[in-house]
Each structure stands twice: as C-alpha cells, then as structure tokens.
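Below is one structure; the comments refer to it alone.
The values are calculated or read from the model by the stated rules, or taken from the named source; none is laboratory data. All figures in this text were calculated on a predicted structure; none of them were measured in a lab. Using ideal geometry, Cβ is built from the backbone for each residue, glycine included, and neighbour counts are taken over all protein chains shown.
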Amino acid sequence: MTSADAPPHPAHRPSADAAPAPATPGKVAIWLFLATEIMFFTGLLGSYIVFRAGSPPTSYSNLYAPAAQLDRLKDARGVVLGAVGPDADGVAGAIASATGKGEAEVARILAAAPHGVVNGLDEKGAGELTAALGKLGAKAEAASLRTSNWPRPYDPLTNPLSIDLTTVNTFILICSSATMVLAVSAIQQGRKGRCSLFLLATLVLGGTFLGVQVFEYHELLEGRSYPIGISPTGHFTPEVSLFASCFFTVTGFHGLHVAAGVVTLAIVFLGSLLGRFSAQDFGAVEYAGLYWHFVDVVWILLFTIVYLI
Amino acid sequence: MSDAHVHPRPRNPLTRYVFSTDHKVIAVQFLFSGLIFFAVGGLLAMIIRWQLAWPWRPVPILSKWLWSAPALGGQMPPEFYNKLFTMHATIMIFFVIIPILTGAFGNFLIPLMIGARDMAFPKLNMFSYWIMWPGFAFLLASFFVEGGPSEAGWTGYPPLSTDPHAAPGSLNGQTYWLLALLCAGISSLTGSINYITTVVMLRAPGMKMFRMPMTVWSLFITALLQAFALPVLTSALVMQLLDRTAGTNFFSPVGASVGNGPAVTGGGAPLLFQHLFWFYSHPAVYVMILPGMGIASDVISTFSRKPLFGYKPMVVALAAIAGLGFIVWGHHMFQSGMNPALGATFMVSTMMIALPSAIKVFNWIGTMWGGRIQYTSAMLNAMAFVSMFIIGGLSGIFMAATPVDIHIHDTYFIVGHIHYVLFGGSTFAIFAGVYYWFPKIFGRTMNEGLGKVHFLFTFIFMTGTFLFMHIVGWHGHMRRIPDPTVYEFLRAPGVVWMNQFMTICAFALGLAQVPFVLNFFYSLVAGPKAEANPWKANSLEWTTASPPPHYNFEDLPRVFHAPYEYSVPGGEEDYLPQTSPLPPNITLDPVMA
Amino acid sequence: MTEADASLPIVPATPAQAAAAADVESHAPYLKILFALFLLTVGEYLFARFLKDSPGPLIFGLVLLASAKAALVAWYFMHLKYERFWVFLVIGPALLMAFILTLLLFPDFVMLPDPLGEPVPATSGEAPRPAG
Ligand SMILES: [Cu+2]
C-alpha cells in the first residue's frame, strides 16, 4: 500500500458508502438476483425444516439404520464398542459368534470404534457380549434402544457432523465477509492497494472455508467409518438417510455458491490489480461483495438449522 | 441526451443475426424457436387426439417410425401415449407459450415501449436466449434415449418420475426432461431480472410508471412472478434430479419400492414435490396469461379508438392477480391427501382471484363499449382472447370449489379448462400480438384477408375441439388414459361421437394454421412495406421507424401522458402519441387514468 | 449499458448520512460488528453445547442468535443501513414468500397425527372396540 493510493483530502469528501446509495441497473439486478436466491434456498431449507420437524419419532436410533422398522424392537439391546483393544481378531470372533453377523459387517463395526455398534441382541446377549469383549481387553458397554426423530447434535451414534470444526469454519466465512466489506470501503475511498489486499484476504478465507468443507465431505463420504445408526454402509453418503440427503443437498448447493463466489472474487481481484476500479467506479467490487455477504448469511442460517438444531 | 453510447449495427452476420445482443433480434429468435416448437407440440396433440377418437388404430404414416413395434401391428404402445401428453404439455408450456410471451414480446416491446435503446443488460439477454438451446437439445435428445422421453406428465410427480423402475420414460428420459426444464428456468430467471431492471431503470424522460402501456405493466408483473416463484421450482427440480441420480430420499416414502425395483431408504414425501411444483406452476399460469391481458388491453384500446377504460384499476387488478397467485397453489392438490384445513384456505384465496379478473373483463368490455371498433385481425384475436378468457376463467371457479373439484378432478373438464385459458387465452393473445406488431418487428404488413380467414377457422375449430371436453369430462372421462372405451360409461355413443368430433376439429384446427404460416412467411418476404404507425396508435414503439433502427430511437423520446389518449376532444386526429403534449384544456381523471 | 445514468435522481446526503460518512473513515464499525459476530458465534456454540437436551429453549435461543447474526451481516456488511427503500421492496416480498411457503408446508408435513399413537386393532379385519 502506498500513500499515493489515498485520496488527497479524505476527511472533506463524504464517503460513498455513507451517501444514500443511488440505484443503478447493476444494483437493482444484483438485489433481484439475491431475491431469487432467497427463494431458491427457501425451497431447500424450507423442505429441510419441515422434514426435520415432521420426521416421526422413531426415524433414527442408536442401534439400527435410519428408517428401519422399530415398532417391534422396543426391547432390543446393543453393545457400543468403545475401543477394540489388543485382540482385534478375538473381538471380531466374539461379535460374530454372538450375533451371527457376516465378516464385512463385523469389520464395519470394528472400524467405527470408538462408536462401533453391535445390534440384534436381547438383554442377556448384550450382557454376555459386553463381558466377553471386556475379557478380550476391548472397551464395550451395553446400550438399550434410544430413538429420535432426527440425528441429535453431539450424538456420535446418530450424527456424524463435527460441530467444533464447523463452528470454526463458520467464523472463517464471517471473517471473509468482514474483509470483503473492508475491501469495498477501501475502494470507495480510492485506496486501491488496500482494496486489493482485502480482496486477497477474502479470497484466501473463502478458499479456506471451501477447503475445510471439502475435507469434511471427504471424511463423511469415505474417510471415516460410522456406526449403524448413521449409515448401514459405514459411510455417510446421500442415500443412507433423509438427513444425509438434506445435508449434502443444502450444504452442497451452498458450497457451489461459495465456489462461484470465489471465482467471481478472483476475477475481481485480478481486475483490482489491473487498476480497473476507483472511488467513482467500483460496481463490480460492490456487487461481488453483496453476493458474498448473502452467501455468508445463508451459511449462518444453514449452520444453525442443519448443525446445531 | 448524449448518443455517445449508440454503436452502429454490427456488420458481421454472426453477431448481427445469431449471437446478437440487440433485444429486437433476440425477440425474433425467441419468436421463431417458439413457433417451431409450437408445430412440434401441435403434432403431438394430433396423435393424442387420434388415439382418443380411434383407440389403437395405427396412425397413418407416423406409426411406422414413431414406434417400431411390428408385434403390436402398428398400434401405439400405451406408454407412448403417456409420453405424448407429457411432452405435448411440456413443450407447449415451457418452450412455446412462456418463451413467446415473455421472451419474444417481452424482449421486443419492453425497451421500445418505455423508450429505451436496449435492455439493461444486453449480454445477459443474449445469454437468456442461448441457454434455451441446451434445453432444446435435452428435450429433443430425450426422444432418442433408452426408454424414450419422460412419461410422468408435465407435472412430473414422484414416485412415477423419481423411480427408474416406475416406467420406461423414467429411465433416462426423465433426467433429460429435468435438465431441459432447468435450462428453460435459468433462461426465464435471467430474462426476468433483465426485464424488471430495464423497466425500473431505463424509462425515457417523462415515462412515469403510470404512463406505461398495459403490455409493459403485464410483462413487468410477469417478470416479478417468475423471479419470485421460479427459484422454488428450480429447487424442486434439483431435488428430483438428485433423487434420481444421487440416490437422495426427498420424495420417496420410507422403504418405497416401485415396479419390482429395490426398496430405497426413503423418509421423504412425494407430496412435498407437489407443493413446491405448484408454488411455481400456479404463478406460471399467470406468466402465461398476464402478458396476454396486457397485449389485449393495448390492441383493444387502439382499435376501439377509445382510452382504456380504467387504466389504473387495470394495473391494480394485474398486481392483485399476481399477488394472490402466490397463495393459491394448493387448489391443484385438493385430491392429493393434503391437510383439509389447507384445502379450505386455498379454496377461499382462489375464489378471491375472480374479483380482479372480473375487473379486467369489465374494463375490456367498457373500453369497447361505444367505441368505433376496427375489426382488424389483431382486434378479432384480442376480442376472442377476452371471450375465451371469460369461459376459461368461469370453468376455473368450478375447480376452485373443493366439493366440485372432487367430482371433476383429473377429468377432461380440467383439460377443457386449461385449453380455454392457454389456447383460447394465451394463443389468441399471441396471434393478436403477432398481427399487431408484425409491421413493427419486420417492417412489412401482413395480409388482413388471410388473417381474418385464419382467425375465423381457428376460432370455430378451437371451440369444436375444446368445448366438448367439458361435457365428456363432466361425464367422467378421465384425462391421461389412452383408451376411454375400456370403461362401460365411456363407450356410450355420445361420448365416442364427441371424442371423434373433437379429433376432427383438432385436425381442422391444425389445418387452420396454414393460412397463418403462409401469411407470416409471405409477408416477411413480400408484404407491402409498413409505415411507422400503421394503426395510428399512441405508444412509443410507433414513433420510430418500422422496423426500428439499431438502438431504437434517433433521439430518446420525451413522454407527456399515458398511451391511451384516443379521440381526445378538440384534437386534430383521433389519436395522440405519447410524445405529443396533451391539449391544454384536458384534465385527466386521477383515479381511472 | 445505455442512457441509464442520465435520468437518475441525485439526492443530497441527510445529516445522519453525513455523520455516518465521517464514521466510516475509520474501520472501527466493521471491526466492531465482526467482534459482535464472533461473540454471537461463540454464544451459539455454547448454547448448543449446554442446552442440547432441551429442544424448546435450544431452538428458540439458536433461532434468535442466528437471526441476530444474519441481521448484523445484512444491515452493516450489505449496507442495508445506507440503502433506500427500493431495496426493501425487492427483498421484503421474497422474505414474505419464503415465510408463507414454509409456513404452509407445516400442516402437511409436521402437524400430522402420530401413526404410532393411534390405537391399532389387535387382529386385522376386526373393528376396534369403543373404549369403555
Ligand atoms: Cu392454479
């Protein structure tokens, strides 16, 4: 940043973003576009909300796969495998002999530890298996059936989402919104270098957000194994439950919007390096900013609705 | 006004006629592709009618290459019938009427009528036309994929549409159908943002909102409807697409399995798609009728040589219809198992739409009342629009009443209703618009005699085709069945006779378009050169040359009054262009005009 | 773009806007908002963590906190504070429609009779006996 960027007498000139913003075609169009985006996300998030609120109370459970028929399983018991311990083969053998489960299914249970769930047991069987696993040096405890109408936050047996990670990621996106508005404010005062710097910061923060989301998707889709209450296949993919369908659709479309925003910001950033914008002509920066903030607002709501509630 | 922004017309034919950013060229592109698809959709309708009149009889000529199934002896496979009505409706609604009304008329008229040089975003405008082409491609390609095109109806209800095992057309045809609709939707969305911005920002000096012609008002409100409702359909189509391709569970109930297919996890609700679909598709029927109302208002006022009766109430009625249109979608779902409390709400809100609709009808009649009516082809079509809209509107009230709807739901009564609104309403409005603005668009005049022949036969055979649908529908004739004669009560001679009569009228209706096509193309090439203002009309597009120069106006016009000052007392002529000041002794009624 | 700017009204700044103009020179307001957003995010996190087993207060509090965050971003970062009425004319109807659509979906997907709460006849084919 050089002092040549700064306008000669900033204090005497009313800053453009404080003046009553005149309506320009670009601004009318971008707000209309945002209105259409509001309606688009209403379709997705509204569907999520009514699915979430109207889901029957036995849709998800700690012991059975989502959407399993639980009416006759009220007395079902299971065992939660907290740690496999030294004798993995022994543990697998004990589970297989107690439940008659096949090799692949047992392997999934072991992989999901510390939240591996063995189901299909009655009270006696659960007690015996817990004792047998304890003898083998594994950590295990018996669990009774607990149902809910939706995966509960902070419940690793039904909900695979990491709230800690995503809270940090939320704040990263909020920070990128702040740097974006600082970039707009800088160019409104004619400080071109400062504007480019803040645009770059926004770009980096937005890219970080996307990177974390890609990491999260990778973990969910194939990186980790989850217990049966989350997915019968061990991986959290769109088809395993209505929650998974909603999660991937809503966050996926938001992610696509962020990606589009990052591309737009990259173009704007290059434009700012080439000196395309000035205190009189900064429409592209402002419109990209409005879009970026909108994506941020959607995420704020989405984070609360999908992750926390 | 500085004309520094006026560039010369591009010389390169590619940027001049194909990838043009000129709103007039884009309008003509929309018009031509719409009319071509009109022929395709019409042909599909003919095959539908053939099957209904003479079930399972091989279709002359076409059956050989439409379905190559010698085992059936040339008769139509039943699922092909489903594909026919699905694609007929899809093409007519999403690729004919909406693109012609908003794409062609909207593009051509909005800048010219408000005195702008082009749309606010010419490149976006070009994009909104060319994004239709992937849509066209998906639509046409779906005829050639395994299983053929979609057969889930134009409404695409799950589970028939989402489960690939439900029907041959749900294999890949449905995916292509969804992609085609998404492309058309993006076109409409970008177009509507462009139209709204243009109307709000680029009006000529003096062109206040309440000096805009009704056509611009209607296109403006139509664009608002699309901007606010269409994204919801987009989200529903996206969810259906993901249900089909990514295995999501939005519209499948728990453990659903269709047609011996594997059970899905499910947990979603088929009814949700209906809600989201109709949240757009009820406003969509207004997208298809409001521009027609605007066109009819302008044509009727011009050829009655009288001010439009109640200009401001007409605008308010348009806005009321549009506003109410957002809270009535459930009237399509009375029979869906929807919560009965919602049914009553939607019934009441739907019936309220009769009020602004009646205001419009009374005002059109009031405009004609006592006028010196000139029965041009455009005027005849506009009058047909009004009368057909009355019939279609009244039969709509039947469906709005839940108890009556239970009797006539999914019968030919509703098929008759929709065709009275979409053919009797929108299509007559399109014809009125084409006859009225053809001289302005192409700079040549259409033949009035051929136009009247076209109108007369279209009107007669349109009535013959669609009127009896109400009667057979009331008699219990279901829609979407390939063979009514399997039912005892539909084998009654009267029903069979009416089905055959409707089919013959439908063929005649198709033939009645021949004079239009001849007239259109002959006039395009060899019609007499049109003057700037052949109809002696007031609005701004008639103040510039026919066809308008690149960038529309030599100098931006200055507007002094609304466009309906016909037969002003003391005036020299019976019309007063918007660019001429009012005579000093005239005061306007502040409420009505 | 054509003659857009020629006919635009230019409105002089009101005293409040002029005051805001002086304020904007330092970036303090934006950083203050960012800090508020930080606090609200932490608040949401703690709220969700410690009230996770009482859905009523959890949803109420979180919706409130999330709305506050969204409103802060929209009001300050998206400059709604400085915008004129027409912007609200654009997004107001969209928010209203969004609300109506979601609200009218509730009767069909949320306010359902509980299928498990209904008395199920012991054997099919036999009419359920009236209670008492
Ligand atoms: Cu409707």
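Does A:Glu105 satisfy being in contact (Cβ under 8 Å) with a residue 60 or more places away in the chain, part of a helix (DSSP H, G or I) and acidic (Asp, Glu)? For A:Glu105, the condition - in contact (Cβ under 8 Å) with a residue 60 or more places away in the chain, part of a helix (DSSP H, G or I) and acidic (Asp, Glu) - is not met. B:Asn260 meets each of the listed conditions (1) away from the ligand (no atom under 16 Å from the Cβ); (2) away from chain A (no Cβ under 14 Å); (3) assigned to a helix (DSSP H, G or I) apart from (3).
Considering only residues in region C:33-63 that are farther than 14 Å from A:Thr304 by Cβ and either modelled with pLDDT of 90 or more or among the small types (Gly, Ala, Ser) (or both), the one that is surrounded by the fewest Cβ atoms within 10 Å (Cβ to Cβ) turns out to be C:Gly56. On inspection, B:Leu242 does not qualify as touching a residue at least 40 places away in the same chain (Cβ under 8 Å) and either away from the ligand (no atom under 16 Å from the Cβ) or within 11 Å of another protein chain (Cβ to nearest Cβ) (or both).
One line per residue, one yes/no per condition, for (1) at pLDDT below 85; (2) surrounded by 14 or more Cβ atoms within 10 Å (Cβ to Cβ):
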residue	(1), (2)
C:Ala71	no, no
C:Phe77	no, yes
C:Leu89	no, no
C:Gly92	no, no
C:Met97	no, yes
C:Val110	no, yes
C:Thr123	yes, no
C:Pro128	yes, no
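This table checks each residue for (1) in the same structural domain as A:Ala132 (by TED's automatic domain parsing); (2) without any contact (Cβ under 8 Å) to a residue 40 or more places away in the chain.
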position: A:Tyr64; (1), (2): no, no
position: A:Gly85; (1), (2): yes, no
position: A:Ile95; (1), (2): yes, yes
position: A:Lys101; (1), (2): yes, yes
position: A:His115; (1), (2): yes, no
position: A:Asn119; (1), (2): yes, no
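A:Ser225 falls short on exactly one of the conditions (1) within 13 Å of another protein chain (Cβ to nearest Cβ); (2) of a type in the set (Ser, Thr, Tyr); (3) not in a helix (DSSP H, G or I), and that condition is (1).
Within region B:317-344, being within 15 Å of the ligand (Cβ to nearest atom) and in a loop (DSSP other than H, G, I, E, B) holds for B:Val328, B:Met333, B:Phe334, B:Gln335, B:Ser336, B:Met338. When B:Val238, B:Val232, B:Val200 are checked against the criterion of being farther than 20 Å from B:Leu318 by Cα and surrounded by fewer than 24 Cβ atoms within 10 Å (Cβ to Cβ), B:Val238 stands alone in meeting it. It is to be established whether one or more residues within region A:154-163 are at pLDDT 90 or above, in a loop (DSSP other than H, G, I, E, B) and within 14 Å of chain B (Cβ to nearest Cβ). Yes: region A:154-163 contains one or more residues that are at pLDDT 90 or above, in a loop (DSSP other than H, G, I, E, B) and within 14 Å of chain B (Cβ to nearest Cβ). If you check A:Gly206, A:Gly229, A:Gly234, A:Gly261 for being crowded, with 19+ Cβ neighbours inside 10 Å, of a type outside the set (Asp, Glu) and touching a strand residue (DSSP E or B) at 6+ places or on another chain (Cβ under 9 Å), only one passes: A:Gly229. The residues on offer are B:Thr215, B:Thr265, B:Thr248, and the sole one that is surrounded by 24 or more Cβ atoms within 10 Å (Cβ to Cβ), more than 13 Å from chain A (Cβ to nearest Cβ) and of a type in the set (Val, Ile, Thr) is B:Thr215. Reported count of residues in region B:174-208, each being among the basic types (Lys, Arg) and away from every other protein chain (no Cβ under 11 Å), is 1.
Could you tell me whether B:Leu308 is more than 16 Å from the ligand (Cβ to nearest atom), among the aliphatic types (A, V, I, L, M), at pLDDT below 95 and assigned to a helix (DSSP H, G or I)? For B:Leu308, the condition - more than 16 Å from the ligand (Cβ to nearest atom), among the aliphatic types (A, V, I, L, M), at pLDDT below 95 and assigned to a helix (DSSP H, G or I) - is not met. Pairing each residue of region B:274-287 that is on the phi > 0 side of the Ramachandran plot with any residue that is of a type outside the set (Asp, Glu) and more than 8 Å from the ligand (Cβ to nearest atom), provided the two are 6+ apart or on different chains, yields no C-beta distance under 7 Å. The single residue among B:Met347, B:Met314, B:Met293 that is more than 14 Å from the ligand (Cβ to nearest atom), more than 25 Å from B:Thr587 (Cα to Cα) and in a helix (DSSP H, G or I) turns out to be B:Met293. Within the bounds of region B:351-363, is there any residue that is within 14 Å of chain C (Cβ to nearest Cβ), more than 16 Å from the ligand (Cβ to nearest atom) and either outside any helix (DSSP H, G or I) or surrounded by 18 or more Cβ atoms within 10 Å (Cβ to Cβ) (or both)? Looking through region B:351-363, none of the residues is within 14 Å of chain C (Cβ to nearest Cβ), more than 16 Å from the ligand (Cβ to nearest atom) and either outside any helix (DSSP H, G or I) or surrounded by 18 or more Cβ atoms within 10 Å (Cβ to Cβ) (or both). Take the conditions (1) more than 14 Å from the chain's Cα centre (by Cα); (2) crowded, with 21+ Cβ neighbours inside 10 Å; (3) within 13 Å of another protein chain (Cβ to nearest Cβ); A:Gln280 misses just one of them, which is (2).
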